[in-house]
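To keep things clear, I will list the structure first and then write my remarks on it.
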Amino acid sequence: MRSILVTGGAGFIGANFVHFLIAETAVQVINLDKLTYAGNLDTLAPLRGNGRHVFIEGDIGDRDLVRRLLRDYRVDAVVNFAAESHVDRSIEGPAAFIETNVVGTFNLLDCARAYWAGLGVAGKAGFRFLQVSTDEVYGSLGPTGSFTETTPYAPNSPYAASKAAADHLVRAWHHTYDLPVLTTNCSNNYGPYQFPEKLIPLVILKALRGERLPIYGDGSNVRDWLYVTDHCRAIWQVLEAGRPGEVYGVGGASERTNLQVVTTLCELLDELLPHSPYRPHGQLKEFVADRPGHDRRYAIDAHKLRSELGWKPQEHFESGLRRTLVWYLEHQIWCERVMDGSYRGERLGFPP
């Protein structure tokens, strides 16, 4: 049985990928997560007792631990989701982003390289290191065009800069040491298990409590929205059939302004909660001061992924958003448990 080390597998995208692997493949999953505020074991509760899922609480910066996991579980691939990921938090405290996203990725790469070098011919040929990255490394787009795999990096936030640095390390480890790496750069993900500091779950939970729904600036910032399960399918296809050393953009082809996202959510809430005392939920919208350095627009051109590997998203934005809202309405206990007191929906993103 193949063995895959998934780092950050108790966080939003990582946990969805773990669930996908257990449901859709026959691999063994070694799940390493530090369990910071955004990583939660409740997200993995459905996998308790599953013999193909092994959870280890730990840090990708712990060299001895990473070496032991690679060796003891005879790992065939590493998929690195482990990262500090919220732009607002990176503005307030960038040090943690450098430590995890840059230093941690370096450590993981270096341990993987040493492990890979000791494999036999077949093992070396089949091994992969996949870095899960973001479109934010490319900076901001104008009103037209899309990011491609050859777009120059121009990160504008501490978060984006830390991910860009990690991507460059991954590229260097391939070109210098021949480590068989892959990189995916995705657009904005949404779906189940997302920590409620991000726009969509934050709006849902605030609307359920009748609180104001904050929209940065004038609400015209544009993002390309990607349903998380579609992203997981893309990662798996890249891991299975991507060419080592290559980068693949993963986009949902669903550009929406932040204002459009919030407005659509409010309309869905009105439909699904006809007896809510807060209807129409659109009256809760509130424009707030923009965050520093807020990129205007992101969009990913996923042509390479579509043409080379045959991937395409199965959800369009409206269907994915409905599925997401229904999930949060049905899992409010999960939401309450992950909101452990360290974050209560307050505004983040102002420099100290």
Of all residues in the range 99-118 being of a type outside the set (S, T, N, Q) and within 22 Å of the chain's Cα centre (by Cα), which is modelled with the lowest pLDDT? Glu99
How many residues of the range 284-328 are assigned to a helix (DSSP H, G or I) and exposed (fewer than 14 other Cβ atoms within 10 Å of the Cβ)? The answer is 5
Can you pull out the residues in the range 189-221 that are among the small types (Gly, Ala, Ser) and in a helix (DSSP H, G or I)? Ala207
If I filter the range 3-41 down to residues being in a strand (DSSP E or B) and free of Cβ contacts under 8 Å to residues at least 60 places away in the same chain, which single residue comes out as farthest from the chain's Cα centre (by Cα)? Gln28
Ile235 is checked against (1) under 14 Å from the mean Cα position of the chain (by Cα); (2) assigned to a strand (DSSP E or B); (3) among the aliphatic types (A, V, I, L, M) and fails just one. What number does that condition carry? (2)
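This table checks each residue for (1) among the aliphatic types (A, V, I, L, M); (2) surrounded by fewer than 17 Cβ atoms within 10 Å (Cβ to Cβ).
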| site | (1), (2) |
| --- | --- |
| Glu84 | no, no |
| Val102 | yes, no |
| Ala112 | yes, no |
| Trp116 | no, no |
| Gly126 | no, yes |
| Phe129 | no, no |
| Ser133 | no, no |
| Glu136 | no, no |
| Ser146 | no, no |
What tally of residues in the range 42-98 results from selecting those that are under 30 Å from Arg296 (Cα atoms), part of a helix (DSSP H, G or I) and either modelled with pLDDT of 95 or more or under 18 Å from the mean Cα position of the chain (by Cα) (or both)? 7
Within the range 150-186, track down each residue that is in a helix (DSSP H, G or I) and either polar (S, T, N, Q) or under 17 Å from Arg223 (Cβ atoms) (or both). Tyr159, Ala160, Ser162, Lys163, Thr176
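The values are calculated or read from the model by the stated rules, or taken from the named source; none is laboratory data. Predicted model, so just to flag it, every value in this text is computed and none were measured. Note: ideal-geometry Cβ built from the backbone for every residue, glycine included; neighbour counts use all protein chains shown.
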